[in-house]
1. By how many nm would the segment from residue 420 to residue 202 lengthen if fully extended, with 0.36 nm per residue of separation less the alpha-carbon distance?
2. In nanometres, what is the gap between the two model label sites at residue 111 and residue 316, each 7 Å from Cα along Cα-to-Cβ?
3. Express in nm, to one decimal, how much length is gained between residue 138 and residue 13 on full extension, taking 0.36 nm for each residue of separation and deducting their alpha carbon distance.
4. In the Gaussian network model of the chain, springs joining C-alpha atoms below 10 Å, which of 179, 368, 203 carries the largest mean-square fluctuation?
5. Of the candidates 390, 178, 15, which one comes out as most mobile in a Gaussian network treatment of the chain with C-alpha springs shorter than 10 Å?
6. Taking percent of Cα pairs over 37 Å apart as the quantity of interest, determine which of [x] 28; [y] 39; [z] 50 was computed from the displayed structure.
7. In nanometres, what is the gap between the two model label sites at residue 82 and residue 32, each 7 Å from Cα along Cα-to-Cβ?
8. Grab the DSSP H runs of the chain that are 4 residues or longer, score each as -39,500 (n - 2.57), total them, divide by all residues and round the 222 nm result to the nearest 500 deg cm²/dmol.
């Protein structure tokens, strides 16, 4: 354990080495294609030495932006498959933009064959380097041996979530916070870190303070009050510091900016996705001859009801017998075209109309059905806090959660967005949306 602690100080340096070598390799591949082909044979007015350096540097900066946004540098944080996927989609978008950059420089669309070939070589490099480095990284930094201190609530989903990352954590023992604190202290000393479940504040604070005092890493499940306090403004009007929470939702200026953002982005989306609209309409009609669109009552800001538009993914009258229930994995009510639309989240595209009408925003909490919210509120009264802002097509919980994420965890994610709202956060979530559209773990239904 002491040997692993001594290695910790080199972790950031090792991650920087991974990122630097990867970026240098991808930059070198682009330089070869640019100097050896595009600059020499395509451009009517070729660049010379300094110009070539600037072009390659611009590519590296663009690639670094996408890598940072999509998590391509998060070695040791993301799963291997997720990390490679993040790097792959970063390369795809970088090369996509570069192709149009070349088209602008040459004043015509050139054959994309070399960009496709370059992308293929990039993917081979990414896969090889990431797998190799991850093998070495895991040998240097084996999974942390963890103690899970459970709370009053069932922490089964927390345990399962952590077990899904056996490359990073290993839960060696479980203990209830109700045990004698001296016994808990002895257990904490045996492990690399502690996971503190959802428990009363007094006991949680006692455990966290003990971990701080003894230099033990601790991971805590935040309470709703923690999220509200975390984003508060610090006031130093007196000799006692105060935390100010205004609790008003978005200001008038923020609402105006957000509405302008919604109109501009929804119009652009409507133009870009018009071919998808056409193909989805034809596909649904050919599947069962039923209606193309599906309308359903949902909740938005301040509990206002509106009719949401979606592509119909279930058979006609799917809820006549079952009533309003969440879709499950392998739900027999979902028709063939519906499975494709749901797996890519394209069934949500008609909500662009809702955004233009002002019912929704591009970014915001997922719009839920009033019947389901009514059931959730009986168990989690704070669930209505999400209604401080308009519902959204994409959002914080949609990006960082899954379709099967618990309602309580979705609430925490949505509150994080509301409390930290900014136009830059909106733009970041919009850019990150393409990444999660094709990730199965983000679109999977409730497992029964």
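1. 75.8 nm
2. Distance between the two pseudo-spin positions: 5.1 nm.
3. Difference between extended and current length: 43.5 nm.
4. Of the options given, 179 has the highest mean-square fluctuation.
5. 178
6. [y]
7. If labels sit at residue 82 and residue 32, their model points lie 3.2 nm apart.
8. Value at 222 nm, helices only: -17500 deg cm²/dmol.
Each value in this text was obtained by applying a stated rule to the coordinates, not by laboratory testing. All of these numbers come straight from a predicted model, not from anything done at the bench. Counting neighbours? That spans all protein chains shown, and the Cβs are built from the backbone with ideal geometry, glycine included.
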